[in-house]
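**Student:** First, the structure itself, so that you have it in front of you.
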Amino acid sequence: MNILVTGGAGYIGSHMLRYLLRHDLRPVVLDNLVYGHRASLPEKTRFYRGDIADQKLTARIIQKEKITAVMHFSAYAYVGESVENPRKYYENNFSKTQKLLDTLLDNNVSYFIFSSTCATYGASYNASAGASYNTSAGASYNAPDAEKLHENLPQNPINPYGFTKLAVEKMLADYSRAYGLRYAALRYFNAAGADDAGAVGEAHTPETHLIPLALQSILRPARQLKIFGTDYPTPDGTCVRDYVHVYDLAAAHLQALDYILKNKTSDCFNLGSENGYSVREIIRACEKVSGRRVNFQEAGRRAGDPAYLVADSGKAKKILNWQARYDLEKIIATAWQWEQNRRY
């Protein structure tokens, strides 16, 4: 099977390529290299540099490479930037994805795996106890009435990044009903970790993810880690997140593709470890793995950050037979190996 991987030179996409190759599948990459890295691609990968909104190019790739399905990783994903510049996010994450979908339909490609996000939910933190917090607009927001997020909860994003991903999910549902597109929307929690052999890992510019920033502060103390917010309604006052290894996410993509191919259906799935860790807990775990101290300082809250996001991944376990296999220490160990030896 030939699979078009948009954003395949990015963090998650480059791991997906390796996972597909290990399973004797043939990935074809479309990436504009705005954030991706050519060096992250496996040798002999079929690569096209271009934009997903370039419909002529995409159609040519589909026809030439005999594409059967698409895994779509091409998106902007900085929450704070989305608050400051929503126009950029609606254009790239939504409008360009619509052009991609239209190109697929026009070229008889009917299977689509979408890289979505838990940010479509908004937040969750023991709402039965009356927990609430302030959004970036300053309004009080009550979290959904569940500590772990499951797929039946209302989706109420609190930042433009989350809204753009939800808008694509809505579009996918409409396209599925009207045109027979079969899709799986995979709502990631916090992707983390690196290739076990150290071939690829996180290399964002700028880097905003907690684990690489904590590890970089160890290796380069001038890069001090900032804890954004210490007054959230969480046990230690810092944000709580669910971390899932990038290869666990890759496995879910392939399992989801197999599911929609066999069942000719569409669905949405949460992907997380179902364990929540605060910022302070992640810092301590990084110190344990590295044997060194994280250099950090406390700062004010960052716009658009929910207090608590932890997955209920029961649906993916039941329907896809998926299971997160990397625990937190292993996730950080792979990231630490990458940070010490990274090539780009």
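The values are calculated or read from the model by the stated rules, or taken from the named source; none is laboratory data. Keep in mind it's a predicted model, so treat the numbers as computed, not measured. Cβ atoms come from the backbone with ideal geometry, glycine included; neighbour counts cover every protein chain shown. Just the protein is used for accessible areas: all its heavy atoms, side chains included, with ligands, DNA and RNA removed. Shrake-Rupley method; radii C 1.70, N 1.55, O 1.52, S 1.80 Å.
**Student:** Out of the total accessible area of the chain (probe 1.4 Å, heavy atoms of protein only), what percent is carbon and sulfur?
**Tutor:** After summing per-atom areas, the C and S share lands at 45 percent.
**Student:** To the nearest 10 square angstrom, what accessible area does K64 show with a 1.4 Å probe?
**Tutor:** Accessible area, nearest 10 Å²: 130 Å².
**Student:** When a/c is below 1.5 the answer is rounded, else prolate if a/b is larger than b/c, else oblate, so apply that to the range 50-121 with a ≥ b ≥ c taken from the square roots of the Cα gyration tensor eigenvalues.
**Tutor:** prolate
**Student:** With Cβ to Cβ distances under 12 Å as the rule, what net charge do the other residues near A335 carry (K, R +1; D, E -1)?
**Tutor:** -4
**Student:** Same structure again: May I ask which of K88/K317; K66/K264; K44/K317; K44/K330 have a Cα-Cα span longer than 26 Å here?
**Tutor:** Beyond 26 Å between Cα atoms: K88/K317; K44/K317; K44/K330.
**Student:** Write down the percent of antiparallel bridges among all DSSP beta bridges whose residues are both part of the chain, to the nearest 5.
**Tutor:** So the antiparallel bridges amount to about 10 percent of the total.
**Student:** Where does each of T265, T97 land when they are ordered by accessible area, with a 1.4 Å probe and the largest first?
**Tutor:** Reading off the accessible areas and sorting them downward yields T265, T97.
**Student:** Bin width 10 Å, alpha-carbon pairs only: give the P(r) of the range 170-300 as whole percents, running from 0 to the bin holding the largest distance.
**Tutor:** 11, 32, 29, 18, 10, 1
**Student:** So what is the relative contact order of the chain, in percent, for Cα pairs below 8 Å that sit 6 or more residues apart?
**Tutor:** 19 percent
**Student:** Just the accessible area per residue of the chain, please: how many Å² with a 1.4 Å probe?
**Tutor:** So the chain comes to 42 Å² accessible per residue, rounded to a whole number.
**Student:** Calculate I(q)/I(0) for the chain by the Debye formula, one identical point scatterer on each C-alpha and no solvent, and give its log10 at q = 0.11 Å⁻¹ to two decimals.
**Tutor:** After summing over all Cα pairs, the log10 values are -0.70.
**Student:** Related question: Helix-only mean residue ellipticity at 222 nm, the chain, DSSP H runs n ≥ 4 weighted -39,500 (n - 2.57), per residue, nearest 500. What is it?
**Tutor:** -10500 deg cm²/dmol
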